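Encoded as structure tokens, the structure appears first; notes follow it.
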Amino acid sequence: MLSDTTDLLHLRWRSAQLLAAVTRGDDRQVQALLSAMDIEGVDPGDRRDEIALLLHEFGPRPIAALGVEIGRLWLKLRQQP
């Protein structure tokens, strides 16, 4: 699935959304995001690796930083051709 930088941005964007939903305890959103990632062909190993990177980067209190990261990634994805 990861063939270019857009794929990497998309993986990080979805993974950040997933981690934010888990942190908030929003089980319905978690299930919706996991389903979307499955439909989009995101490899579970890639998903786990990206979640681990996000946890390492944002530490034990990720929710505020994840909101900023999700917005930043969304803007970058919108600029992609």
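The values are calculated or read from the model by the stated rules, or taken from the named source; none is laboratory data. Because the structure is a prediction, the values reported are computed rather than measured. Cβ: placed from backbone, ideal geometry, glycine included. Neighbour counts: every protein chain shown.
The residue of the range 26-41 that is nearest to Leu8 (Cα to Cα), among those that are small (Gly, Ala, Ser) and exposed (fewer than 11 other Cβ atoms within 10 Å of the Cβ), is Gly41.
Selection of the range 1-38 for residues being among the β-branched types (Val, Ile, Thr) and at pLDDT below 95 yields Thr5, Thr6, Val22, Thr23. Of all residues in the range 39-60, those satisfying the criterion of being within 14 Å of Leu73 (Cβ to Cβ) and either of a type outside the set (A, V, I, L, M, F, W, C) or in contact (Cβ under 8 Å) with a residue 60 or more places away in the chain (or both) are Glu50, Glu57. On the stretch given as the range 39-69, residues that are hydrophobic (A, V, I, L, M, F, W, C) and either at pLDDT below 90 or touching a Lys or Arg at 6+ places or on another chain (Cβ under 7 Å) (or both) total 7.
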